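Some notes on the structure that comes next.
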Amino acid sequence: MDTLYLIANTAFQALVMGFIYAALALGYNIVYRVSKAVNLAEPEIVVFTAYVVFVLSAYYHVPIPAAFTLSLALGFGVGVALERLLARPLRGRPVAALMAATLGAYYVLRGMSMVVSRGFEMGSLGLPETYYSIGPVRASLSDFIAICVSLSVIVGIVLMHRYTRLGIAMRAVSEDAFGASAYGLPVTVLTMLSWGIAGVVSAAAAFALAAKAQVSPMLDFYAIKALAASLLAGLDSIAGVVVGGLVLGFMEQFGSLALDPILPGLGNQLAFIVMLVVLLFKPYGLFGTERIERV
Amino acid sequence: MASKHLLEVNNIEVVYHPYILVLKGISISVPRNSIVAILGPNGAGKTTLLKAISGLIKLERGKVTKGSIIFDGEHIENMEPENISRRGIVYVVEGRRIFKELTVEENIEAVAFAWRRSSRDADIVYKYFPRLKAKRKVRAGYLSGGEQQMLAIGLALLAKPKLLLLDEPSLGLAPKIVAELYQNIRELYEEEKLTILLAEQNARKALEIADYGYILENGRIVLEGPAEKLREDKDVREFYLGVTGRKGYRSVKWYRRKKRWV
């Protein structure tokens with residue numbers, strides 16, 4: 001009986017973390033699609049926006065929904081600023097230049113987080129501690145908030161890309177930016193908007209993460225691990241992040257369960273093993289675009 | 001005052017990578033509501049001429065160093081490509097550049113978004129290329145070559161161009177498809193009151209629909225005239241239309257000599 005509880009609860013936690021990883025991975029992928037580079041500043045966008053929510057609600061008594069909305073707007077602003085200041089001037093240069101620049105932005109944002117958080121005070125968002133029992137699973141309100149926020153972001157982005165003209169135009173830019181500008185698409189604006197949307201997605205994922213874990217400067221580690229989900233899905237895939245995220249979530253939770261008694265802490269590092277394996281054997285990921293070639 | 005000609009290219013020289021002279025003093029004029037064909041073999045400079053007009057040579061470090069390009073009474077030589085396309089010159093590049101991962105419908109939606117066209121406006125593509133309508137939901141990468149070319153031209157139509165530049169639309173297509181494509185181009189030219197500048201190697205097809213033609217060789221215009229005159233011209237018939245008839249060895253030698261033209 002104990003084993004059943006253990007497995008059911010681990011699976012539930014894997015599900016929650018899987019969706020959070022998926023949302024974090026989506027942030028990388030949206031940027032990658034338009035700029036063909038991994039945005040290494042994203043982990044710190046996550047920390048920064050999580051701290052904005054925490055500080056506003058804990059010290060200024062702003063209601064959490066309002067603080068969350070503000071953090072989404074800030075995420076958008078940071079994304080747009082990164083595009084304007086880094087990606088646009090470096091367009092047409094080797095992508096390594098842009099990735100190095102985003103790594104620099106990571107540290108700038110880290111400084112900003114430190115200022116906002118008054119030297120990285122840690123704490124939790126203080127969501128109501130309500131627990132529900134569903135069969136053998138014990139789930140908290142935070143779990144549900146995390147699932148709802150990350151899932152609705154993912155579904156929203158997928159629907160936007162599939163059905164709205166804006167999303168379709170973004171897909172066109174992602175496939176062939178030069179061709180898109182030849183047909184008169186506003187490539188520059190669409191690229192900037194994509195970075196902004198990636199920032200919003202990161203901020204939403206940050207909130208989901210903050211609901212689950214303590215708000216601390218170490219939240220960036222989750223976003224770094226989510227890069228494995230992103231690679232697994234394929235860096236230019238959108239809906240694939242759900243699979244990538246869930247695989248990572250389940251591997252990590254069950255991996256920890258099985259391996260931690262033998263090698264403590266290994267579960268936490270499994271993401272990097274996934275990254276390595278994907279890069280070695282399936283560099284385009286599971287759902288990465290394989291270009292159509294008519295023979 | 002609007003001049004009779006929509007586009008006037010006056011004695012331009014185009015240079016790539018500061019040293020390579022590609023066009024050596026070319027002048028053409030395109031009257032409103034007409035089809036003008038630029039003919040010539042590979043490497044004659046047809047594509048370069050279209051890129052000079054559309055401004056895209058800038059992206060390849062090319063430059064118009066002499067002469068002028070006047071569109072609708074305004075100098076456009078060496079202008080940014082975006083500004084030129086906003087003025088109404090749309091360039092359908094060689095090799096059917098479409099969004100292969102998107103469906104036909106999504107290709108149209110994406111470009112309609114760029115020009116703020118409604119779905120009703122976007123139906124113009126299906127009107128002239130009815131073949132595409134049946135393949136609305138098909139990813140463009142899986143279309144046949146001819147259909148891809150039709151889609152590329154259809155997307156350009158959404159911009160409501162004043163001047164449409166078509167680069168080698170018949171490239172790599174079966175003769176039957178080329179015939180259908182040219183039929184479509186002719187129709188949309190007549191009904192949409194378009195002005196088209198067409199670069200082609202397939203001189204026979206191009207001269208069927210064009211009003212006027214220029215023949216380009218080695219970056220120079222070697223011959224020009226109304227399409228019907230060119231169709232009748234002895235040299236053109238021989239070198240470009242492949243109308244030769246029976247010939248003895250002497251006339252082949254004459255061909256060799258004559259082919260050098262200017």
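General remarks:
- The residues of region B:106-129 that are in contact with a Leu (Cβ under 9 Å, 6 or more places away or on another chain) and part of a loop (DSSP other than H, G, I, E, B), listed by number, are B:TRP115, B:ARG117, B:PHE129.
- Residues of region A:200-258 satisfying the condition of being open to solvent by less than 30 Å² (accessible area, probe 1.4 Å) and of a type in the set (Val, Ile, Thr): A:VAL201, A:VAL215, A:ILE238, A:VAL241
- Members of region A:1-30 found to be aliphatic (A, V, I, L, M) and open to solvent by less than 10 Å² (accessible area, probe 1.4 Å), listed by number: A:ALA14, A:VAL16, A:ILE20, A:ALA22, A:ALA23, A:LEU24, A:ALA25, A:LEU26, A:ILE30
- Of the residues in region B:63-79, none is of a type in the set (Ser, Thr, Tyr), open to solvent by less than 50 Å² (accessible area, probe 1.4 Å), assigned by the TED database to the domain that holds B:ILE196 and closer than 17 Å to B:ILE153 by Cα.
- Scanning region A:124-165 for residues that are within 14 Å of chain B (Cβ to nearest Cβ), surrounded by 14 or more Cβ atoms within 10 Å (Cβ to Cβ) and not basic (Lys, Arg) yields a count of 2.
- Of note, B:ALA140 satisfies the criterion of being buried (at least 22 other Cβ atoms within 10 Å of the Cβ) and within 14 Å of chain A (Cβ to nearest Cβ).
- Positions within region A:171-183 being within 9 Å of chain B (Cβ to nearest Cβ) and either open to solvent by 10 Å² or more (accessible area, probe 1.4 Å) or of a type outside the set (A, V, I, L, M, F, W, C) (or both), in sequence order: A:ARG171, A:SER174, A:GLU175, A:ASP176, A:PHE178, A:GLY179, A:SER181, A:ALA182, A:TYR183
- Meets criteria (out of contact with any strand residue (DSSP E or B) (no Cβ under 6 Å at 6 or more places or on another chain), crowded, with 22+ Cβ neighbours inside 10 Å and part of a loop (DSSP other than H, G, I, E, B)) for A:ILE197: no
- Among the numbered conditions (1) over 25 Å from B:LEU56 (Cβ atoms); (2) assigned to a helix (DSSP H, G or I); (3) more than 13 Å from every other protein chain (Cβ to nearest Cβ); (4) open to solvent by 10 Å² or more (accessible area, probe 1.4 Å), the only one that B:LEU132 does not meet is (4).
- Any chance B:ALA52 is in contact (Cβ under 8 Å) with a residue 60 or more places away in the chain, under 21 Å from B:ASN218 (Cα atoms) and within 16 Å of the chain's Cα centre (by Cα): no
- With respect to the conditions (1) over 23 Å from B:LYS193 (Cα atoms); (2) touching a Ser or Thr at 6+ places or on another chain (Cβ under 6 Å), B:GLU80 falls short on a single one, namely (2).
- Subset of region B:1-47 [open to solvent by less than 10 Å² (accessible area, probe 1.4 Å), aliphatic (A, V, I, L, M) and part of a loop (DSSP other than H, G, I, E, B)]: B:ALA44
- Of residues in region A:31-87 being open to solvent by 10 Å² or more (accessible area, probe 1.4 Å) and of a type in the set (D, E, K, R), the one farthest from the chain's Cα centre (by Cα): A:ARG84
- Residue within region B:100-114 that is exposed (fewer than 14 other Cβ atoms within 10 Å of the Cβ) and closer than 21 Å to B:LYS193 by Cβ present: no
- The combined condition, being under 17 Å from the mean Cα position of the chain (by Cα) and open to solvent by 40 Å² or more (accessible area, probe 1.4 Å), is fulfilled by B:GLU94.
- Criterion (modelled with pLDDT under 95, away from every other protein chain (no Cβ under 14 Å) and in a helix (DSSP H, G or I)) met by exactly one of A:LEU246, A:LEU219, A:LEU263: A:LEU219
- Extreme residue, farthest from the other protein chains (Cβ to nearest Cβ), among residues of region B:81-103 that are touching a Pro at 6+ places or on another chain (Cβ under 9 Å) and of a type in the set (A, V, I, L, M, F, W, C): B:ILE89
- Screening the candidates B:LEU194, B:LEU216, B:LEU166, B:LEU151 for the property of being within 14 Å of the chain's Cα centre (by Cα) and either among the β-branched types (Val, Ile, Thr) or within 14 Å of chain A (Cβ to nearest Cβ) (or both) yields one hit, B:LEU166.
- Lone unmet requirement of (1) part of a loop (DSSP other than H, G, I, E, B); (2) closer than 21 Å to A:ILE64 by Cα; (3) open to solvent by less than 50 Å² (accessible area, probe 1.4 Å) for A:LEU90: (2)
- Qualifying residue in region A:248-268 (condition: farther than 18 Å from A:ALA11 by Cα, of a type outside the set (Gly, Ala, Ser) and touching a residue at least 40 places away in the same chain (Cβ under 8 Å)): no
- Subset tally (residues that are in a loop (DSSP other than H, G, I, E, B) and under 30 Å from B:VAL93 (Cβ atoms)) for region A:124-180: 2
- So A:PRO186, is it more than 17 Å from B:ALA112 (Cβ to Cβ) and either more than 23 Å from the chain's Cα centre (by Cα) or facing another protein chain (nearest Cβ under 7 Å) (or both): no
- Residues located in region B:52-62, provided they are open to solvent by 40 Å² or more (accessible area, probe 1.4 Å) and either within 11 Å of chain A (Cβ to nearest Cβ) or of a type in the set (S, T, N, Q) (or both): B:LEU59
- Residues that are among the small types (Gly, Ala, Ser), more than 23 Å from A:GLY249 (Cβ to Cβ) and modelled with pLDDT of 95 or more do not occur anywhere in region A:52-65.
- Restricted to region B:115-129, and to residues there that are open to solvent by 50 Å² or more (accessible area, probe 1.4 Å) and more than 10 Å from every other protein chain (Cβ to nearest Cβ), the residue that is nearest to A:PRO186 (Cα to Cα) is B:SER118.
- Selection of region A:68-95 for residues being modelled with pLDDT under 95 and either among the polar types (S, T, N, Q) or on the phi > 0 side of the Ramachandran plot (or both) yields only A:GLY92.
The values are calculated or read from the model by the stated rules, or taken from the named source; none is laboratory data. Here the structure is a predicted model, which is why all the values come from computation and not from measurement. All Cβ positions, even for glycine, are placed from backbone atoms using ideal geometry, and neighbour counts span all protein chains on display. Only protein heavy atoms, including side chains, enter the accessible area calculation; ligands, DNA and RNA are left aside. Shrake-Rupley method; radii C 1.70, N 1.55, O 1.52, S 1.80 Å.
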